[in-house]
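Reviewing the structure listed below.
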Amino acid sequence: PILDELAMRTGELVRLAVVEDDEMTWVAKAQGATGAIRCDPISGRHVPLHTTGMGKAWLASMPEKEAIAKVVARGFESELLGPNAVRTVTALRNEIRKTRARGYAINNQESEFGLSAIAMLVKDKGRADRVVGAVSIAAPTFRVSGDRLASFAEPLHAAVSQLEQIWPVHTQTRSDKA
């Protein structure tokens, strides 16, 4: 319901990704767009870290050396690679720093041509602010200029805060199975 409410409020696609085993995976979405042109990417895949808002938000939560090493180990080539994708360590370092300063990440046609997004992290307040996921709002770039995309920061923050209040969602961990 939190994702649905945010999607209806913004009129755009809202997605949730969770952090599992040193990866981030898309697990849920809510569509707010009612017109013919809408974003509807595939869920259930791992989130490319340097070309998506969610990934950049997660990278910005890590020590810079660790974040850069994580991307370099995976490589700058990704299954999602738009015209503005980060392709160098210097550009990645700049994106991480801008994301930290803003408090949210932006994807401006970095994952694919014509798609822009804003993303914020979801933290488990009960476990020392451990990052557990991220929420993003994505839309066709022609519909979300920089100012409109930035205007989503406040409702996105409110939705993330609601999710953090109900986290942790009980999941069975490996130690629970033993």
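The values are calculated or read from the model by the stated rules, or taken from the named source; none is laboratory data. Here the structure is a predicted model, which means the values were calculated and not measured. Cβ sites come from the backbone with ideal geometry, for glycine too, and all protein chains shown count toward neighbours. Accessible surface is based on the protein model in full, side chains and every heavy atom, while ligands, DNA and RNA are left aside. Shrake-Rupley method; radii C 1.70, N 1.55, O 1.52, S 1.80 Å.
Mind checking whether some residue in the stretch 100-107 is assigned to a helix (DSSP H, G or I), more than 20 Å from ASP22 (Cα to Cα), of a type in the set (A, V, I, L, M) and open to solvent by 70 Å² or more (accessible area, probe 1.4 Å)?
Checking the stretch 100-107: at least one residue is assigned to a helix (DSSP H, G or I), more than 20 Å from ASP22 (Cα to Cα), of a type in the set (A, V, I, L, M) and open to solvent by 70 Å² or more (accessible area, probe 1.4 Å).
Do we have ARG148 as free of Cβ contacts under 8 Å to residues at least 40 places away in the same chain, of a type in the set (D, E, K, R) and open to solvent by 10 Å² or more (accessible area, probe 1.4 Å) here? Reasoning before the result, please.
On the way: free of Cβ contacts under 8 Å to residues at least 40 places away in the same chain: yes; of a type in the set (D, E, K, R): yes; open to solvent by 10 Å² or more (accessible area, probe 1.4 Å): yes.
So ARG148 fits the description; yes.
Yes or no: the stretch 113-128 includes at least one residue that is under 29 Å from LYS65 (Cα atoms), among the basic types (Lys, Arg) and either in contact with a helix residue (DSSP H, G or I) (Cβ under 9 Å, 6 or more places away or on another chain) or modelled with pLDDT of 90 or more (or both).
Yes, the stretch 113-128 contains a residue that is under 29 Å from LYS65 (Cα atoms), among the basic types (Lys, Arg) and either in contact with a helix residue (DSSP H, G or I) (Cβ under 9 Å, 6 or more places away or on another chain) or modelled with pLDDT of 90 or more (or both).
Of everything in the stretch 43-59, what is of a type in the set (Gly, Ala, Ser) and either outside any helix (DSSP H, G or I) or surrounded by fewer than 22 Cβ atoms within 10 Å (Cβ to Cβ) (or both)? Give them in sequence order. Reasoning before the result, please.
Taking the stretch 43-59 as the starting set, the residues that turn out to be of a type in the set (Gly, Ala, Ser) are 43-44, 53, 55, 57.
Across the stretch 43-59, the qualifying residues are SER43, GLY44.
In the stretch 72-91, which residue that is β-branched (Val, Ile, Thr) and part of a helix (DSSP H, G or I) is farthest from ARG45 (Cα to Cα)?
Step one: of the stretch 72-91, the residues β-branched (Val, Ile, Thr) are 72, 86, 88-90.
With the extra rule that they be part of a helix (DSSP H, G or I), the set shrinks to 72, 89-90.
Details: VAL72: 20, VAL89: 24, THR90: 27 Å.
For the stretch 72-91, the residue satisfying everything is THR90.
Looking only at residues in the stretch 164-178 that are out of contact with any helix residue (DSSP H, G or I) (no Cβ under 6 Å at 6 or more places or on another chain) and at pLDDT 80 or above, which one is surrounded by the most Cβ atoms within 10 Å (Cβ to Cβ)?
TRP167
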